[in-house]
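What follows is a single structure, written as structure tokens, with notes after it.
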Amino acid sequence: MSFSAVSFPSDKKEFYAQLLQQADALTDGIPHPIVNLANTAALLYQALDDINWCGFYLMHEGALLLGPFCGLPACTMIPLNRGVCGAAASSDSVQRISDVHTFPGHIACDSASNSEIVVPIHLDGRVIGVLDIDSPSFSRFDETDEEQLLSLVHLLESRCDFNHIAYSL
């Protein structure tokens, strides 16, 4: 199997439709979450313009533990009461932050990051992790990004057997 960089449409809705098709194909028949999260992080990093980090954090002993990602080395453990990721996990809500420097308790893993979106991941109705994407631009993420990244996370929730991961709440 080989892969090459794909060009994406400039229209945002068409872009996400193609991205979701690719994520669907990458995860089809592969229930192991680490494989799917790693490929999804790589796909997002290659496809999304104007981002400097994307990846996953998974629940472990009451905090978020670094999972598959693309970008600079990252914080390995995030308490639920800290940062945008912790806020998304503890409130079970998408956090779309236009200026991370104004976010109380922001954790600056990469000083180049200026905006961020974090989407909770669920298993059996509880948060088990988050998708985290950072950008060096302010206000990089909009409602369309939020809506489509939620669809991507729902795809991962349906495809991944998160029981493969030895996480604990």
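What tally of residues in segment 150-162 results from selecting those that are surrounded by fewer than 23 Cβ atoms within 10 Å (Cβ to Cβ), touching a residue at least 40 places away in the same chain (Cβ under 8 Å) and either touching a Leu at 6+ places or on another chain (Cβ under 8 Å) or outside any helix (DSSP H, G or I) (or both)?
Result for segment 150-162: 6.
Of all residues in segment 25-43, which are in contact with a strand residue (DSSP E or B) (Cβ under 6 Å, 6 or more places away or on another chain) and buried (at least 22 other Cβ atoms within 10 Å of the Cβ)? Hits for segment 25-43 are 37, 41.
Can you find even one residue in segment 134-143 that is assigned to a helix (DSSP H, G or I), farther than 17 Å from residue 36 by Cβ, modelled with pLDDT of 95 or more and under 16 Å from the mean Cα position of the chain (by Cα)? Checked against the condition, which is being assigned to a helix (DSSP H, G or I), farther than 17 Å from residue 36 by Cβ, modelled with pLDDT of 95 or more and under 16 Å from the mean Cα position of the chain (by Cα), segment 134-143 yields at least one hit. A single entry from 158, 151, 90, 98 fulfils the requirement of being at pLDDT 95 or above and in contact with a Ser or Thr (Cβ under 8 Å, 6 or more places away or on another chain): 98. Residues of segment 35-63 that are without any contact (Cβ under 8 Å) to a residue 24 or more places away in the chain and under 20 Å from residue 9 (Cα atoms): 49 alone.
No other residue among 128, 78, 117 is touching a Cys at 6+ places or on another chain (Cβ under 9 Å), buried (at least 20 other Cβ atoms within 10 Å of the Cβ), of a type in the set (A, V, I, L, M, F, W, C) and part of a strand (DSSP E or B) apart from 78. Which members of segment 43-60 meet the condition of being under 24 Å from residue 128 (Cβ atoms) and among the hydrophobic types (A, V, I, L, M, F, W, C)? Those that are under 24 Å from residue 128 (Cβ atoms) and among the hydrophobic types (A, V, I, L, M, F, W, C): 43, 44, 48, 51, 53, 54, 56, 58, 59. Taken together, the residues in segment 5-27 that are among the charged types (D, E, K, R), farther than 11 Å from residue 148 by Cα and touching a helix residue (DSSP H, G or I) at 6+ places or on another chain (Cβ under 7 Å) amount to 1.
The values are calculated or read from the model by the stated rules, or taken from the named source; none is laboratory data. Here the structure is a predicted model, which is why all the values come from computation and not from measurement. Here the Cβ is made from the backbone with ideal geometry for all residues, glycine too, and neighbour counts use every protein chain on show.
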